[in-house]
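Here the structure comes first, spelled out in structure tokens, and everything after it is commentary.
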Amino acid sequence: MTRSKNPRMAMISGMVRDLTGPAHDCVLIRADLCDGCGDCVTACERAVAGNEGEPDSGGARIRIVNRQDAFLPVLCHNCEEAPCVAACMTGCRRRGCSGFIETDYARCMGCGMCIMVCPFGAIAPVGDDHKARKCDGCTGMDTPACVIACRPGALVKGQVLLFSEHVRRRSAAGIASATGEPASGAKGRARG
């Protein structure tokens, strides 16, 4: 297969490859289980401390926000169509071979474009040069440090579609239990 010299066609080919390739793992959040303990934040700080190329002030790439007495971990959602990658003028953001959106901090110029376009508020400026720091899923580890440290199980590593199916099945089983009805369709589709 010859490569197209047309940049637009090359971009479209890359997008098709991304969308039809293997599903990517990410850190998924079960907000109903988060107790706001902050163990994930501490684990993240330890995991990124001294990373080569990390912005000077380092710090955690995850934070916990308290909204109306409910805690919510805020970290990169590893979007399939990542706006931070599209907005990055220097190309320092890209999807790595791990499937996570990674940052080359040596190339980041601190413009803040990725911060503005992140729909989850998961990117923050760091240090005097305002380099934009975000979670990279601890790509050097089998399981991200925040997931390992999360005792309540609010953070899990997995694929969005599988996680969503698991949540739907759990919800259906809970409804069936509450109503006394059998959980029809829990194992598969009804034939008919």
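Worth pointing out:
- Extension gain for Cys37-Glu80 works out to 12.5 nm (0.36 nm per residue, less the C-alpha to C-alpha distance).
- A Förster distance of 45 Å, applied to the separation of the beta-carbon atoms of Ala49 and Thr179, puts the FRET efficiency at 0.35.
- By accessible area with a 1.4 Å probe, ligands and nucleic acids excluded, highest first: order of Met141, Met116: Met116, Met141
The values are calculated or read from the model by the stated rules, or taken from the named source; none is laboratory data. Just so it is clear, the model here is predicted, and its values are computed rather than measured. As a convention, Cβ positions derive from the backbone with ideal geometry for all residues, glycine included, and neighbour counts pool all protein chains shown. Calculation scope for accessible area: heavy atoms of the full protein, side chains included, ligands and nucleic acids excluded. Shrake-Rupley method; radii C 1.70, N 1.55, O 1.52, S 1.80 Å.
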